[in-house]
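Notes follow the structure.
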Amino acid sequence: MARIIEVRGRRVWDSRGRPTVEAEVIVGRGTTPLASGRAIAPAGASTGSGEAKSVDVPRAVQNINTRIRDALRALSVSDQAALDRRLIELDGTADKSRLGANAIVAVSLACAHAAAAAAKMPLWRHLAGERRVALPVPQIQIFGGGAHARGRVDVQDYMVICIGAGSFAEALEWTAQVYAAAGARLAKKGALQGVADEGGYWPAFKSNEEALAELVGAIADAGLEPGVDVSIALDLAATQLYRGGSYHFALDGRALSAEQLHAMLLRWIESYPIVSIEDPFAEHDAEAMRAFTEAAPIQVVGDDFFVTRAAKLRNAQGACNAVLLKPNQVGTVTETLACWEAARAMGYGAIISARSGETEDVSIVHLAVGWGVPQLKVGGFSRSERMAKWNEGLRIEGALGGKALPYPARKLFRR
Ligand code: PGA
Ligand code: ZN
């Protein structure tokens, strides 16, 4: 049995040029190193108030190199639940603010990588065991807004889901075509302002709805059928829009009540091929979330609303029908898995998600495949911190050959 012989933390840099934390876990027999694992903490910009709290990077690094290292040394690396329990106990706070969620999530994920490396398996296989697996269905950002593009448009993510694709590789191929077509349309309109934090275009639209029309146009320009081959997913990240009792859509010059927002979103769903909306209402607005989930015939995803907490999901009482899973939102691999297991038991959909501040770390792709989470959200189709994850999915699909379970897109989003 491989045991942890060393844990190291270091400061590295993320996709926004901000410092973050990397952890490295070395395992062996006795004092002989056998294998190692590494992971980097991501960082959000539109964070939910219920998220586990990070500490500043020098402190997180110091915590890894001292207290966490001392606590984990000599423990078996194969018992992820016990390692995560140790980290949670050592921190001793409800929000991981003593050691820092950034320190804890990097170490937790690095342990998972080290365990897989010691077993000489890719992480996805180590997590899946003998179970057959499928590649997840991606939600890929074409236009970025909200906190990731200085509020140029209010809706944070305009994404595509290739609901008719027969494989992960085909979904990426179609997305590449839509992304190129969307860029060409923006350039022609003089509305191309660059690329937002997650790799989608930073557009200069005149209204939030114009982005929907342009996205449908881009899908058609790519030679694909909107609503049949490729549909639309939105993340409103509505906690960011909520102030003083209403939802502010600055680009449209309007402040909407929850009822008005509900009506506007239902109208959008009628007019455009939208199959999924994330955080349509603010994190505290459970009543509005419940009413919308009941009324809308689509996937309604809770991100800030659930902050990857199994307990919040179990209390949902009809609010949302899917959950976003972000390991750093809750802090450990085991707690992320618990939220996914709760979702599955309740019949909720689930999407493993990256953050707006990312790196070359591809752990979440392995979690999605290994745990059988049916969807994956990583951001856009440019910037290498995004492409590294899509490309990792291609490698896994290639390694599976014909042995993968059927690709779930058509079954998930039958309309
Ligand atoms: P964040 O946004 O990583 O900036 O919090 C991602 C999301 O809202 O899904
Ligand atoms: Zn979100």
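Any read-out appearing in this document is the output of simple, stated calculations on the displayed coordinates, not a laboratory observation. All values derive from a computational prediction rather than experimental measurement. Positions of Cβ are backbone-derived with ideal geometry, glycine not excepted, and every protein chain shown enters the neighbour counts.
Some notes on this structure:
- N63 sits among other residues whose Cβ lies under 10 Å from its own Cβ, and their net charge, with Lys and Arg +1 and Asp and Glu -1, is +3.
- Cα pair distances exceeding 27 angstrom across the chain, given as percent: 49 percent
- Of P19, A110, A74, farthest towards positive along the dipole that unit charges on Lys, Arg, Asp, Glu beta carbons give the range 3-120: A74
- In this structure, R243 and K120 have a Cβ-Cβ separation that, at R0 = 60 Å, corresponds to a calculated FRET efficiency of about 0.70.
- The label point for Q62 and the one for Q317, both projected 7 Å from the Cα toward the Cβ, are 4.5 nm apart.
- Chain lengthening between R254 and L90 when straightened (0.36 nm per residue, less Cα-Cα): 54.3 nm
- Trypsin sites (Lys or Arg not before Pro) within the range 31-69, DSSP loop, no more than 16 other Cβ atoms inside 10 Å: K53
- Estimated at 0.36 nm per residue, the fully extended path between K53 and A81 surpasses their Cα-Cα distance by 8.0 nm.
- Semi-axis lengths, largest first, of the ellipsoid equivalent to the range 272-378 are 22, 15, 13 Å, with √(5λ) applied to each eigenvalue of the Cα gyration tensor.
- Candidates A182, I161, S353 compared by Cα position along the dipole of the chain: farthest toward the positive end lies S353, with charges placed on Cβ.
- Shape category assigned to the range 3-120 from the gyration tensor of Cα positions, a/c cut at 1.5: prolate
- Relative contact order of the range 137-412, defined on C-alpha pairs under 8 angstrom at six or more residues apart (%): 20 percent
- Given +1 at the Cβ of Lys and Arg, -1 at the Cβ of Asp and Glu and no other charges, the dipole of the chain around its Cα centre is 1120 debye to the nearest 20.
- On Cα atoms only, tilt of 101-118 relative to the major axis of the chain in degrees: 70 degrees
- Anisotropy class of the range 331-402 from Cα gyration tensor, a/c 1.5 cut: oblate
- Phi-derived couplings, Karplus 6.51 cos²θ - 1.76 cosθ + 1.60 at θ = phi - 60°, listed residue by residue for the range 388-396: 4, 6, 4, 5, 5, x, 4, 4, 5 Hz, with x used for Gly and Pro.
- Over the range 129-282, all Cα pairs binned in 5 Å intervals from 0 give whole-percent P(r) values of 2, 10, 19, 22, 19, 13, 8, 4, 2, 1, 0, listed from short to long.
- 3J(HN,Hα) along the range 171-187: 4, 5, 4, 5, 4, 4, 5, 5, 4, 5, 5, 5, x, 5, 5, 5, 4 Hz, from the Karplus curve 6.51 cos²θ - 1.76 cosθ + 1.60 with θ = phi - 60°, whole Hz, x for Gly and Pro.
- Nitroxide proxy distance, nm - points 7 Å out along Cα→Cβ at A220 and R16: 3.7 nm
- For the range 206-293, a Kirkwood radius taken over Cα pairs fed into Stokes-Einstein (10 °C, viscosity 1.306 mPa s) yields D = 115 µm²/s.
- Set of lysines near K411 by C-alpha distance (under 29 Å), chain-local residues within fewer than 8 positions excluded: K312, K326, K377, K389, K403
- Each Lys and Arg Cβ is given +1 and each Asp and Glu Cβ -1; about its Cα centre, the range 11-115 then shows a dipole of about 200 debye.
- Neighbours of W390, meaning other residues whose beta-carbon lies under 14 angstrom from its beta-carbon, give a summed charge of -4 when Lys and Arg score +1 and Asp and Glu score -1.
- Less than 5 angstrom separates the built amide H of Q299 from those of S276, I277, all sequence-distant by 5 or more or on a different chain.
- Think of the range 137-412 as a dipole: +1 on every Lys or Arg Cβ, -1 on every Asp or Glu Cβ, centred on the Cα centre; then among L241, V300, G223, G223 lies furthest on the positive end.
- What the Cβ-Cβ distance of E6 and E170 gives, at R0 = 45 Å and to the nearest 0.05, is a FRET efficiency of 0.60.
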